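Visitor: One structure, as structure tokens, below. Some questions next.
A short reminder: the numbers here are calculations on the coordinates, not readings from a lab. None of the values given here were measured: they were computed from a predicted structure. Note that we place each Cβ from the backbone using ideal geometry, even for glycine, and neighbour counts take in every protein chain shown.
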Amino acid sequence: MTAAVERIKSEIRRLPQDELDDLLRDIQSEYVLPAMDEDERSVEAAWDEEINRRAQEVMDGTVELISGEESDRRMDALYAKHGLQRKRVA
């Protein structure tokens, strides 16, 4: 992306929520995304199936849910096992 686009994105991220909501409504009413091609629709459908499958596993209680802290601990251990240090996003 160009520097101009990056600057605009940065400015948008700093907008108060109400101004962001107004901007998004304006953009959505003025622009239409191009239709997805067959490959994109196929990928989208596959992800929808995966999301539904995982949600059903949670509702059925067939998967072990872990806390965010436990997930972080496991990821840190996995990175360390490979001699890497994980970057943390605030």
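Visitor: Taking Rh as the Kirkwood radius computed over C-alpha pairs, what is the Stokes-Einstein D of the chain at 37 °C in a medium of viscosity 0.692 mPa s, expressed in µm² per second?
Guide: Taking Rh from Cα pairs, D becomes 180 µm²/s.
Visitor: Which one, GLN56, ALA80, ALA3, projects farthest toward the positive side of the charge dipole computed for the chain from Cβ point charges (K/R +1, D/E -1)?
Guide: Of the candidates, ALA80 comes out farthest on the positive side.
Visitor: Once you place label points 7 Å from the Cα toward the Cβ at LYS87 and GLN17, how far apart are they in nm?
Guide: 2.8 nm
Visitor: Determine the dipole magnitude for the chain: charges of +1 sit on the beta-carbon of Lys and Arg, -1 on that of Asp and Glu, nothing else is charged, the reference point is the Cα centre, and the result goes in debye to the nearest 20.
Guide: Numbers: 14 positive and 23 negative charges, 164 e Å.
That gives the chain a dipole magnitude of about 780 debye.
Visitor: At what distance in nm do the modelled label points of LYS9 and ASP26 sit from each other, each positioned 7 Å from its Cα along Cα→Cβ?
Guide: 2.1 nm
Visitor: I need the peptides 30-39, 8-17 ranked by packing, meaning the mean over residues of other C-beta atoms within 10 angstrom, with the highest value on top. List each step's numbers first, then the result.
Guide: On the way: 30-39: 7.4, 8-17: 9.6.
Order by mean packing, descending: 8-17, 30-39.
Visitor: Taking just the C-alpha trace of segment 38-81, give me its Rg and Dmax in Å.
Guide: According to the Cα coordinates of segment 38-81, Rg and Dmax are 15.0, 41 Å.
Visitor: How far apart, in nm, are the 7 Å Cα→Cβ label points at ALA55 and SER71?
Guide: Here the modelled spin labels are 1.7 nm apart.
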